[in-house]
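Asker: Let me begin by handing over the structure; questions about it come next.
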Amino acid sequence: MKLKVKDIDIASGGPLIVVINSDDAAKLDLHVMDRVKIKKGNKVETVVVDIAQSAKIVPRGKIGVFEEVVRSLKLKNNDGVDISIARKPLSIEFIKKKLDGEMLTKKELDQIVWDIVHNKLSAVELAYFIAACYTNVMSTEETILLTKAMVKHGDTLRFNKYPVIDKHSIGGIPGNRTTLVIVPIIAAAGYYIPKTSSRSITSPAGTADTMEVLSGVIFPINKMKEIVLKTKGCIVWGGSLNLAPADDKIIAVERPLEIDAESQLLASIMAKKHSVSSTHILIDVPTGKDAKVKNKFEAIRLKKEFEKIGKRLKKHIKVLITDGKQPIGHGIGPALEARDVLWLLKRDPRRPLDLEKKCLMMCANIFGMVGLKDGYKKALEILNSGKAYQKMVEIMQAQGGREIAAEDIQIGRYTHDVLATKSGRISSIDNLAVSRIARIAGAPHDKGAGIYLYKHVGDKVIRGEKVFTIYAETKRELIYASDVAKQSKVFVVK
């Protein structure tokens, strides 16, 4: 069947989708979610079908195309295309197999990942794969095969260097901005540490959001390599690179489902690390009731899985189970976190000592992995000497930023102080409430929005004393965040 293109100016966010008038669909016996091949000249794509019941949307003789199809086939309005029926992707059968609780083979997982990367699966089909792995947990062998498939169908950053250091936190804790301190310390010590980081999904800031306050974070892979070879380190947004791209597509579907399948979490992290040729990897697993990992039992099981996969991939892996009961650092939100980091690197009295202590402990473990003794002492010397700060400035400049004083970082102009309602000692802090209030205040979209904490668990407070300040860039968002803060029990004082 020959049809004319109608660009409907809508993006699917990944899957290749077309819309066909119901009369034309009936002629080919097409139904919603069927596949057709759409051909223009020598270019062909297999796409998912949706059906228009109204001629206003797509009239007979036309085919409505989503932006992903427009770009792939370089289509224009009224271009003539040929339509023919296509079979469903091979991976549909393999997804059904996993739904039935069976083990997947290397070939089957490779096909699933290929179909994900090339947008051959609809969001619903991909959601079924994620759900199948969530309910029928993958074996270690399957997880390793999934990791290798993710790496295979993406770019790889190759260094003729050894060792290449990397670190990763599985997240879930407000603040915890260890990367921006660890990378300059390790690079200043002479080791290569090419760090790709994420943006926020549900938190007030991801590492890339915070680094973006200080420099650019979006680079092609060849530029990332150039930065690392020049400075020995980088802190860039992984989403701008084609490293394990299947992972980003899986995360996009996991987000609304609020599903975080363990096998995909393991494969996701290890694939990204494998893609940048890391040889020594430190994994931070914060554990606590509001963290992704709720208790030590879960953390130990996850630790063992990381170690198994690392061994099979010939990586040196060390997993640290850390305290995830409360936020790490004072600032929560991109600009406030960036200010904390610069204060820490500059050895300012206002620096967050809990963040410093954790970073030094993590650096000590990294140095231990590469055979250096007294790693804590070495990391502290690099900090105190100013070498870490100078290295951070060097990395910022290589990424298009400039040196800036912590006090010159713009934070939200509208503020609201939250005061202790009684005297005593802080026994707990609600991580979820902290994140929620900071996000309602505008973080991470508004870089200057967020929360600044004056107190942590174990600290004494006096009734009427400031416990945290909310920052926002608009009055409206400050009012919303302040109202939520009043309704939330952020701090428990006993």
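Asker: Going by average Cβ neighbours within 10 Å, how do the peptides 332-343, 175-186 rank, with the highest at the top?
Answerer: Numbers: 332-343: 28.8, 175-186: 26.7.
Averaged packing, sorted descending, gives the order 332-343, 175-186.
Asker: Using the basic label-point model (7 angstrom from Cα toward the beta carbon), what is the LEU353 to LYS373 distance in nanometres?
Answerer: Each label point lies 7 Å from its Cα, and together they span 3.0 nm.
Asker: If the limit is 21 Å between Cα atoms, which of LYS43/LYS148; LYS294/LYS466; LYS273/LYS304 go over it?
Answerer: Values: LYS43/LYS148 30 Å; LYS294/LYS466 30 Å; LYS273/LYS304 18 Å.
Distance filter (> 21 Å) returns LYS43/LYS148; LYS294/LYS466.
Asker: Along the charge dipole of the stretch 379-448, Cβ charges K/R +1 and D/E -1, which of MET392, PRO444, ILE404 sits furthest on the positive end?
Answerer: PRO444
Asker: With every protein chain kept in the model, how would you rank LEU28, LEU109 by accessible area, 1.4 Å probe, largest at the top?
Answerer: LEU28, LEU109
Asker: Apply 1/(1 + (r/R0)^6) to the Cβ-Cβ distance of LEU99 and HIS316, taking R0 = 22 Å, and write down the FRET efficiency to the nearest 0.05.
Answerer: Approximately 0.05, to the nearest 0.05.
Asker: Right, something else. For the stretch 280-406, what D do you get in µm² per second when you plug the Kirkwood radius from alpha-carbon pairs into Stokes-Einstein at 25 °C and 0.890 mPa s? Please report the intermediate quantities before stating the final value.
Answerer: On the way: Rh = 16.4 Å.
My calculation gives 150 µm²/s for D.
Asker: Just subtract the alpha-carbon distance of ILE404 and MET1 from 0.36 nm times their residue separation and send over the number in nm, one decimal. Walk me through the intermediate numbers first.
Answerer: Numbers: separation 403, 0.36 × 403 = 145.08 nm, distance 6.14 nm.
Here the answer is 138.9 nm.
Asker: Among DSSP beta bridges lying fully in the stretch 1-159, give the percent that are antiparallel, nearest 5. Let's see the in-between values first.
Answerer: On the way: 17 of 26 bridges.
The answer is about 65 percent antiparallel.
Asker: So how strong a dipole does the chain carry about its Cα centre when Lys and Arg Cβ are +1 and Asp and Glu Cβ are -1, to the nearest 20 debye?
Answerer: Working: 81 positive and 57 negative charges, 201 e Å.
Around 960 debye, computed over the chain.
Asker: Another question, if that's okay. What nm value, rounded to one decimal, do you get for the distance between GLN390 and LYS230 when each label is placed 7 Å out toward the C-beta?
Answerer: About 1.8 nm, to one decimal.
Asker: For GLU226, what accessible surface area do you get with a 1.4 Å probe? Give it in Å², rounded to 10.
Answerer: Counting only protein heavy atoms, GLU226 exposes about 100 Å² to solvent.
Asker: Show me the trypsin sites (Lys or Arg not before Pro) within the stretch 27-57 that DSSP assigns to loop and that have at most 10 other Cβ atoms within 10 Å of their Cβ. Walk me through the numbers before you get to the answer.
Answerer: On the way: sites: LYS27, ARG35, LYS37, LYS39, LYS40, LYS43, LYS56; in loops: LYS56.
Loop-located and lightly packed - LYS56.
Asker: Next question. Name the long-range amide H neighbours of VAL164: under 5 Å, sequence gap of 5 or more, or other chain; modelled H, no Pro or chain starts.
Answerer: Hits under the 5 Å cutoff: THR279, HIS280.
Asker: Okay, next question. Given (1) 38, 29, 21; (2) 43, 27, 22; (3) 40, 26, 21 as candidate values of semi-axes √(5λ) of the Cα gyration tensor in Å, which corresponds to the one derived from the coordinates?
Answerer: (2)
Asker: Past 23 Å, Cα to Cα: identify those pairs from LYS225/LYS315; LYS62/LYS249; LYS40/LYS107, in the order given.
Answerer: Details: LYS225/LYS315 20 Å; LYS62/LYS249 30 Å; LYS40/LYS107 31 Å.
In this structure, LYS62/LYS249; LYS40/LYS107 lie more than 23 Å apart at Cα.
Asker: With a 1.4 Å probe and all protein chains left in place, how much of the accessible area of the chain comes from carbon and sulfur atoms, in whole percent?
Answerer: On the way: 11350 of 22030 Å².
Using a 1.4 Å probe with all protein chains present, the chain comes out at 52 percent carbon and sulfur.
Asker: Could you derive backbone 3J(HN,Hα) for the stretch 235-242 from the dihedral phi with the Karplus parameters 6.51, -1.76 and 1.60 (θ = phi - 60°), listing whole Hz in sequence and x where the residue is Gly or Pro?
Answerer: Result, ordered by residue: 9, 10, 7, x, x, 8, 10, 9 Hz.
Asker: Can you give me the distance in nm between label points at GLU307 and VAL44, each placed 7 Å from the Cα along the Cα-to-Cβ direction?
Answerer: About 5.1 nm separates the two model spin labels.
Asker: Roughly how many whole Å is it from the C-alpha centroid of the stretch 405-459 to that of the stretch 106-173?
Answerer: Going from one Cα centre to the other spans 35 Å.
Asker: Leaving out ligands and nucleic acids, note down the accessible area per residue over the stretch 52-114 with a 1.4 angstrom probe, in whole Å². Kindly include the intermediate steps, with their values, before the conclusion.
Answerer: Working: 3670 Å² over 63 residues.
The answer is 58 Å² per residue.
Asker: Summarise the long-distance tail of P(r) for the stretch 229-324 by giving the % of C-alpha pairs beyond 19 Å. Please report the intermediate quantities before stating the final value.
Answerer: Working: 2255 of 4560 pairs.
Percentage above 19 Å: 49.
Asker: For ILE57 and ILE479, calculate 0.36 nm times their separation in residues minus their Cα-Cα distance, and state this gained length in nm to one decimal. Before the final figure, lay out each step's value.
Answerer: Numbers: separation 422, 0.36 × 422 = 151.92 nm, distance 4.14 nm.
Residue separation times 0.36 nm, minus the Cα-Cα distance, leaves 147.8 nm.
Asker: Go through the stretch 395-401 residue by residue and turn each phi into a ³J(HN,Hα) via Karplus (6.51, -1.76, 1.60, θ = phi - 60°); whole Hz please, and just put x for glycine and proline.
Answerer: So the J values, rounded to whole Hz, are 5, 4, 5, 5, 9, x, x.
Asker: If you stretched the chain out fully between LYS296 and THR156, how much longer would it get, using 0.36 nm times the residue separation minus the C-alpha to C-alpha distance? Walk me through the numbers before you get to the answer.
Answerer: Details: separation 140, 0.36 × 140 = 50.40 nm, distance 3.41 nm.
Gain in length upon complete extension: 47.0 nm.
Asker: Please find the FRET efficiency linking ARG71 to LYS489, where r is the Cβ-Cβ separation and R0 is fixed at 41 Å, and quote it to the nearest 0.05. Kindly include the intermediate steps, with their values, before the conclusion.
Answerer: Details: r = 49 Å, r/R0 = 1.19.
Plugging the Cβ-Cβ distance into 1/(1 + (r/R0)^6) gives 0.25.
The values are calculated or read from the model by the stated rules, or taken from the named source; none is laboratory data. On a predicted model such as this, the values are computed, not experimentally measured, just so you know. Here Cβ is always computed from backbone atoms with ideal geometry, including for glycine, and neighbour counts include all displayed protein chains. When the accessible area is computed, the model is the full protein with side chains, heavy atoms only, and any ligands, DNA or RNA have been set aside. Shrake-Rupley method; radii C 1.70, N 1.55, O 1.52, S 1.80 Å.
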